[in-house]
Amino acid sequence: MYTSKKQCIVEGCHQQTRGKDYCGKHLKGKKVAVVISSEARRSMRSGCCSAACTQGKRHEYGEQYCAKCKEACSWKTVV
């Protein structure tokens, strides 16, 4: 279930995101560099193994890698 009241997690951006983590400006095409705060990084987990994410070489999903299997991954936010 999506809520239209969720806000973009990019620091300083207050756009509504329709239930996603990023607004349209930061989600696709990333014209503005996204800096993930240490607070947001603590709630990030890899989509494959639900392990912590580490930063590495850029790939199609971003720069995050699963700390467990070391594969390039997308990430999800956990509460």
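The values are calculated or read from the model by the stated rules, or taken from the named source; none is laboratory data. These numbers come from a predicted model, not from an experiment. Virtual Cβ from ideal backbone geometry, glycine too; neighbours counted across all protein chains shown.
Brief remarks follow.
- Taking first residues from segment 23-40 that are surrounded by fewer than 10 Cβ atoms within 10 Å (Cβ to Cβ) and partners that are at pLDDT 75 or above and not charged (D, E, K, R), the Cβ contacts under 9 Å between residues at least 6 apart in sequence or on separate chains come to Lys28/Tyr22; Val35/Val10.
- Taken together, the residues in segment 23-57 that are modelled with pLDDT of 75 or more, part of a loop (DSSP other than H, G, I, E, B) and either over 13 Å from Lys76 (Cβ atoms) or among the charged types (D, E, K, R) (or both) amount to 2.
- Within segment 59-79, the set of residues being without any contact (Cβ under 8 Å) to a residue 24 or more places away in the chain, under 14 Å from the mean Cα position of the chain (by Cα) and either surrounded by 14 or more Cβ atoms within 10 Å (Cβ to Cβ) or more than 22 Å from Lys6 (Cα to Cα) (or both) comprises His59, Glu60, Gly62, Glu63, Gln64, Tyr65, Cys66, Ala72.
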